[in-house]
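Scroll down for the structure; my scribbles are underneath it.
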Amino acid sequence: MTVIDTNEYLGNSTTRTLHRIELSELSKPIEDELVSNTPSLAETKKASIIEPPVRQTETPKITLKDISVNYNDATVDNTSEILEKYGVVIVKDFMNNVQLDKIKSELDPIFDSKKNDPRLYPKETIRVTASVSKSPAVVHEVLKNPLHVQLSEKFLAKKNAFWIGNNLNIGSSPAIVSSSIAFRVGPGASYQALHRDDHSEHNIIEHQDLYRYGSDTQLGVSVALSQVTKQNGGTRFIPGSHLWDHLRKPKEEECMTIEVDEGDGFFMLGSVFHGAGKNITNDEFRTLLILFMCAATSRQKENIYLTTPIDYFKQFDTEELKLLGLSMSEPFSGMLELQDARAKLKPGFVRKSNYSDVCQVSDVN
């Protein structure tokens, strides 16, 4: 076995994980169903964990009822309490029929236009990427949904004080959309490997007994545009895995499956291990709209700006533009000609300062 020098492999990069792993050359790759369906997961090296997680708590034994709240009863407090404990909360009747009709009327024609595309991969799954740049209803009804905004701000937004001369200036960085993909998954679709969505930001989680705010970099909301069942591939997830050490391996036997009705929604922290299930039905399509939010200090997963005409964005109000990532992240990120971009999109919009507050400081030693 040829061991690879980790320092040479790293180069000038930084890491919080590779010092816990020993890498070596792979003798023979193992073929399985997942790799055959996803060539990008083909094995290239062998890894041995030389510093395994020190602490491993038991996976909570819960039911879907334990993590469910009706939308009329949902508050940022009772939903965030469930998210803190289990990493996922289901919100029943998250969207009403009128809202669903608006969203589906805009997304369904796009789904239909793609269903015979020979480039579909895997062939059972149709995607509408960057849906916030194609469907105003997704922005109005889901992105700007009050509960969605409140939870995103609570888990992802940042507000801090910084010395600027003799003042302490307070800067606020909002939560913004990172990705917004709608999926229509047909019979025969395979399962998805268990994973955390926050790995796109290299977020490294340390073991936590109690949830610590600031440890997550993403929050997702999924809206069921059809019934979602275990049989048609409902999302598998491991409750409590958002509290795990980064290198604790997820196991299938620890999973439970989210089953919801059309119009229901569920929120999930980016640090939760999850993956779509197999669609073993003969004729059922599972349709989900999934938005992930991130802090405005992060890089978004989808670039929604290069392919979207600027006039499309002008229809949205200033709060919606902020959620779309078109406001300034205080104090200086996302500027357009040294201004908040909304000043270019909304005539009359004025930002008086790059800070939320400029504070006079007393009693400084």
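None of the figures in this text is laboratory data; all of them are computed from the coordinates on show. Everything quoted here is computed from the prediction, not taken from an experiment. Counting neighbours? That spans all protein chains shown, and the Cβs are built from the backbone with ideal geometry, glycine included.
The table that follows gives values for the structure above.
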quantity: Sparse-neighbour loop sites [GluC sites (Glu not before Pro); segment 283-342; at most 15 other C-beta within 10 Å; DSSP]; calculated: GLU337
quantity: Rounded if a/c under 1.5, otherwise prolate or oblate - segment 64-358, Cα gyration tensor axes; calculated: oblate
quantity: DSSP beta bridge pairing in the chain, given as percent antiparallel to the nearest 5; calculated: 95
quantity: Segment 245-339: translational diffusion in µm²/s, Stokes-Einstein, Kirkwood Rh over Cα pairs, 20 °C, 1.002 mPa s; calculated: 122
quantity: Derived scalar couplings ³J(HN,Hα) [segment 252-268; Karplus, 6.51 cos²θ - 1.76 cosθ + 1.60; whole Hz; x for Gly, Pro]; calculated: 4, 5, 8, 7, 10, 10, 7, 10, 9, 8, 4, x, 6, x, 9, 9, 9
quantity: Least to most buried among ILE62, ILE82 (fewest other Cβ within 10 Å first); calculated: ILE62, ILE82
quantity: Net charge of Cβ neighbours under 11 Å - reference GLY270; Lys, Arg +1; Asp, Glu -1; calculated: -2
quantity: Shape of segment 193-255, Cα gyration tensor, a/c cut at 1.5; calculated: prolate
quantity: Gaussian network model of the chain, springs between alpha carbon atoms under 10 Å - residue of GLY87, GLY171, GLY234 with greatest fluctuation; calculated: GLY171
quantity: Long-range HN-HN contacts of LYS159 with modeled amide H, under 5 Å; calculated: SER173
quantity: Separation of alpha-carbon centers, segment 313-356 and segment 55-105, rounded to whole Å; calculated: 31
quantity: Segment 258-303: trypsin sites (Lys or Arg not before Pro) falling in loop per DSSP and having at most 12 other Cβ within 10 Å; calculated: ARG299
quantity: Relative contact order %, the chain, counting alpha carbon pairs below 8 Å whose residues are six or more apart; calculated: 21
quantity: Long-range amide H partners of ASP216 with built H, under 5 Å; calculated: none
quantity: Residue pairs, from the table LYS154/LYS322; LYS45/LYS301; LYS28/LYS123; LYS154/LYS352, whose Cα atoms sit over 23 Å apart; calculated: LYS45/LYS301; LYS28/LYS123; LYS154/LYS352
